Amino acid sequence: MKKNYLILVLLLSLNLTLFAQVGIGTTAPKGALDITSTNTGFIYPQIALTNTLTPTITNPNGGGLAVGTTVYNTAIAGTGVNTVYPGVYIWDGSGWIPQYHKDDYKLCYQTVNLRTGSDDILNPVSGNQAITFNDNSFTPKFNGNYLVTVTVHYGGGRLDIPAGVDQWANFNAQEGQFNFTFNSTTYNYTLKTYSGYNDDKLFDGGSVNYHTNRINQTTYTIPVSLARNTAYPFTLTFNQTNSAGFEGNGDISVAPAGDGRGYIITSGMVKCTVEFKYLGI
């Protein structure tokens with residue numbers, strides 16, 4: 001009988017220990033559950049979730065799914081911002097929260113210099129001139145909201161020379177329209193730049209200074225909702241307006257000889273760019 005009592009006491013003690021702390025691979029657990037290993041990992045329950053809002057699995061004790069329930073999702077499912085991707089998720093009481101960073105970013109940049117023309121009679125350039133990029137398409141990794149950032153720049157060409165004046169300074173504005181087409185929508189941005197021309201020949205020995213390609217740069221942002229694994233091509237073009245007061249009316253001229261074309265050229269870090277960034281919401 002004493003032997004049976006001893007076994008019962010030992011079993012009760014073990015049961016109390018299990019309810020207090022559980023150690024796997026260690027005899028001295030430092031928490032409610034302490035798993036110690038140097039060559040193996042812990043495997044979460046693997047579940048194919050349907051989206052971030054549906055529990056999918058159940059509470060074995062009934063009622064709602066307990067806050068803090070953790071699974072490894074194996075599926076890509078759902079739509080929009082509620083799409084789930086393979087990885088660890090924790091239930092917070094109202095939805096599944098991913099435990100990994102969802103990062104998606106791409107930078108496309110200008111690779112070819114462009115001299116912009118208008119519509120001089122002798123050498124007309126009409127319509128939009130295309131800006132060449134290293135890549136003209138973006139394929140998102142995730143469903144959801146992205147931010148498209150378009151950075152453009154523009155510099156003015158050479159001005160006409162006023163006749164019959166010994167000393168003068170001449171300044172004028174040149175402008176055009178950038179057209180960014182993405183996901184079947186075209187966004188238009190007008191950008192203006194300034195050129196100068198001064199001649200100090202009366203007092204300073206006839207020095208002449210041209211002030212061209214003084215770059216004006218600006219950035220536009222476009223929030224969009226995109227679908228994963230879908231290719232989205234884009235184009236960026238520029239249409240320069242008639243440039244009265246510039247050589248060749250903003251183009252190349254033969255008589256008189258001149259070149260009033262504008263500049264959209266690369267110079268170090270200065271170049272037209274299109275950036276795509278996942279917002280994570």
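The values are calculated or read from the model by the stated rules, or taken from the named source; none is laboratory data. Everything quoted here is computed from the prediction, not taken from an experiment. Using ideal geometry, Cβ is built from the backbone for each residue, glycine included, and neighbour counts are taken over all protein chains shown.
Does Ile281 meet the test of being among the aliphatic types (A, V, I, L, M), in a loop (DSSP other than H, G, I, E, B) and either farther than 15 Å from Asp160 by Cα or in contact with a helix residue (DSSP H, G or I) (Cβ under 6 Å, 6 or more places away or on another chain) (or both)?
Judged against the criteria, Ile281 is a match.
With respect to Gly117, is the statement that it is on the phi > 0 side of the Ramachandran plot and either free of Cβ contacts under 8 Å to residues at least 40 places away in the same chain or not basic (Lys, Arg) (or both) true?
no
Can you pull out every residue in segment 96-140 that is closer than 24 Å to Cys272 by Cα and among the charged types (D, E, K, R)?
Asp103, Asp104, Lys106, Arg115, Asp119, Asp135
Mind listing whichever residues of segment 21-60 are β-branched (Val, Ile, Thr) and part of a loop (DSSP other than H, G, I, E, B)? If you could, list the steps in order and put the result at the bottom.
Step one: of segment 21-60, the residues β-branched (Val, Ile, Thr) are 22, 24, 26-27, 35-36, 38, 40, 43, 47, 50, 52, 54, 56-58.
Correct list: Thr26, Thr27, Thr36, Thr38, Thr40, Ile43, Thr50, Thr52, Thr54, Thr56, Ile57, Thr58.
Taking the stated definitions as given, is Ala244 over 27 Å from Gln110 (Cα atoms), assigned to a loop (DSSP other than H, G, I, E, B) and at pLDDT 85 or above?
Judged against the criteria, Ala244 is a match.
Of the numbered conditions (1) at pLDDT 95 or above; (2) crowded, with 16+ Cβ neighbours inside 10 Å, Ser118 satisfies every one except a single condition; which is it?
Here Ser118 meets the rest and fails (1).
Considering each of Lys271, Lys277 in turn, give the residue that is among the basic types (Lys, Arg), within 25 Å of the chain's Cα centre (by Cα) and either exposed (fewer than 15 other Cβ atoms within 10 Å of the Cβ) or within 30 Å of Gly80 (Cα to Cα) (or both).
Selected residue: Lys277, the only one of Lys271, Lys277 that is among the basic types (Lys, Arg), within 25 Å of the chain's Cα centre (by Cα) and either exposed (fewer than 15 other Cβ atoms within 10 Å of the Cβ) or within 30 Å of Gly80 (Cα to Cα) (or both).
For segment 35-54, what are the residues that are surrounded by 15 or more Cβ atoms within 10 Å (Cβ to Cβ) and touching a Gly at 6+ places or on another chain (Cβ under 9 Å)?
Leu49, Thr50, Asn51, Thr52
Determine which member of the set Gly127, Gly144 is surrounded by 14 or more Cβ atoms within 10 Å (Cβ to Cβ), on the phi > 0 side of the Ramachandran plot and small (Gly, Ala, Ser).
Testing whether each residue is surrounded by 14 or more Cβ atoms within 10 Å (Cβ to Cβ), on the phi > 0 side of the Ramachandran plot and small (Gly, Ala, Ser) leaves just Gly144.
Within segment 75-115, take every residue that is under 30 Å from Gln174 (Cβ atoms) and polar (S, T, N, Q) and give me the one that is surrounded by the most Cβ atoms within 10 Å (Cβ to Cβ).
Gln110
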